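Participant: Before I ask anything, let me first share the structure, which is written out below as structure tokens.
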Amino acid sequence: MASGRMEFHAQSIMQHASFSYVLPNDVAMEEVRDPRHYERPTKSLILLHGLTGTDTDWLYGGVAQHMSIQYNLAVFMPAAGNFFYLDRGYPGGNWGTFVGEELPDYVRSTFGYCDRREDTIIGGLSMGGYGTLHTALNYPERFCAAIALSSALRIHALADGVLDGVMPAAMIRDVFGEPEKLTNSDRDPEWQYQRLKAEGRDIPTIYLAIGTEDPLYPCNQEFRAFLAEQGADFRYEDGPGDHSWFFWNEYLDRGLKWLLTR
């Protein structure tokens, strides 16, 4: 097992970008529940943090190292601020391009991973759950699957002017633009999905999970209903839990198990 933290100059955000990584390069098989995952090449997983988070969250609060060992995954975790993994429309502020293009390209050239769509997964929690869906649907040629946990999918509520107090109104406008223009835009995962479907494009498989005590439960139910209506290739799970690592760690494991053994 190799782990570390790196920086590189990212043109999309015009700064040195940090990311942490875990590589399963010397795993002892007695640690592994299902050795079949080592009968195939190592797959890649990009994991996104939530609001106020950073690249080490999935290492210190989460189970990135354990998932790397169990599922033969090279895991890469970027620090991406509080910008919801969205492009702001100018060099220096394009966080969507950073996580969807520039980071995977750098990982490919440096480590040799993220080189094939069928071997590359993206996942995240809360803000990172939204970022996971947005990035996967914006770059369907790069990611075969998305694991979205406790996703901040309050697009319809924000468009209706409903605020929850977590983000100031000025910050919401700065990140998303005019709230009333959110739905049916490229910041709306439902619109993104429908566009790909209309174009006949390959759409990543989606794993969606939410705790039943999570304040984001209602908006995740809305997205679940949307995916079912669209006939999407997805799996939805919920269970007791709030907006916490206890839930995210368990359901990251469940999501990976479903995706990698189906």
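Participant: Within the stretch 78-179, considering only helices (runs of 4 or more DSSP H) that don't extend past its boundaries, which have at least 1 residues that are under 29 Å from residue 240 (Cβ atoms)? Write out each step before concluding.
Facilitator: Details: elements: 103-111, 127-138, 155-159, 169-176.
Filter on the stretch 78-179 gives 127-138, 155-159.
Participant: To continue, here is another question. Is at least one residue of the stretch 159-172 crowded, with 21+ Cβ neighbours inside 10 Å, farther than 23 Å from residue 104 by Cβ and more than 16 Å from the chain's Cα centre (by Cα)? Quick ask: steps written out before the conclusion?
Facilitator: Start the filter on the stretch 159-172 by keeping residues that are crowded, with 21+ Cβ neighbours inside 10 Å, which leaves none.
No.
Participant: Related question: Within the stretch 80-92, can you find the residues that are small (Gly, Ala, Ser) and within 12 Å of residue 50 (Cβ to Cβ)? If you could, list the steps in order and put the result at the bottom.
Facilitator: Initial filter on the stretch 80-92 (small (Gly, Ala, Ser)): 80-81, 89, 92.
The answer is 80, 81.
Participant: Given the residues 239, 211, which is the only one that is exposed (fewer than 15 other Cβ atoms within 10 Å of the Cβ), modelled with pLDDT of 95 or more and in contact with a Ser or Thr (Cβ under 8 Å, 6 or more places away or on another chain)?
Facilitator: Numbers: 211 fails: exposed (fewer than 15 other Cβ atoms within 10 Å of the Cβ).
One residue alone meets the criteria, 239.
Participant: Among residues belonging to the stretch 116-154 that are within 18 Å of residue 222 (Cβ to Cβ) and in contact with a His (Cβ under 8 Å, 6 or more places away or on another chain), point out the one that is surrounded by the fewest Cβ atoms within 10 Å (Cβ to Cβ).
Facilitator: 126
Participant: Could you grab the pairs with beta carbons closer than 7 Å, sequence gap of 6+ or different chains, first residue in the stretch 90-115 and surrounded by fewer than 21 Cβ atoms within 10 Å (Cβ to Cβ), second one assigned to a helix (DSSP H, G or I)?
Facilitator: So the pair list comes out as 115/108.
Participant: Taking the stretch 1-29, which residues are part of a loop (DSSP other than H, G, I, E, B) and surrounded by fewer than 12 Cβ atoms within 10 Å (Cβ to Cβ)?
Facilitator: First pass over the stretch 1-29, keeping only residues part of a loop (DSSP other than H, G, I, E, B): 1, 11-14, 24-28.
Passing the criteria: 25, 26, 28.
The values are calculated or read from the model by the stated rules, or taken from the named source; none is laboratory data. Given the structure is predicted, the values throughout are model-derived calculations rather than measurements. Virtual Cβ from ideal backbone geometry, glycine too; neighbours counted across all protein chains shown.
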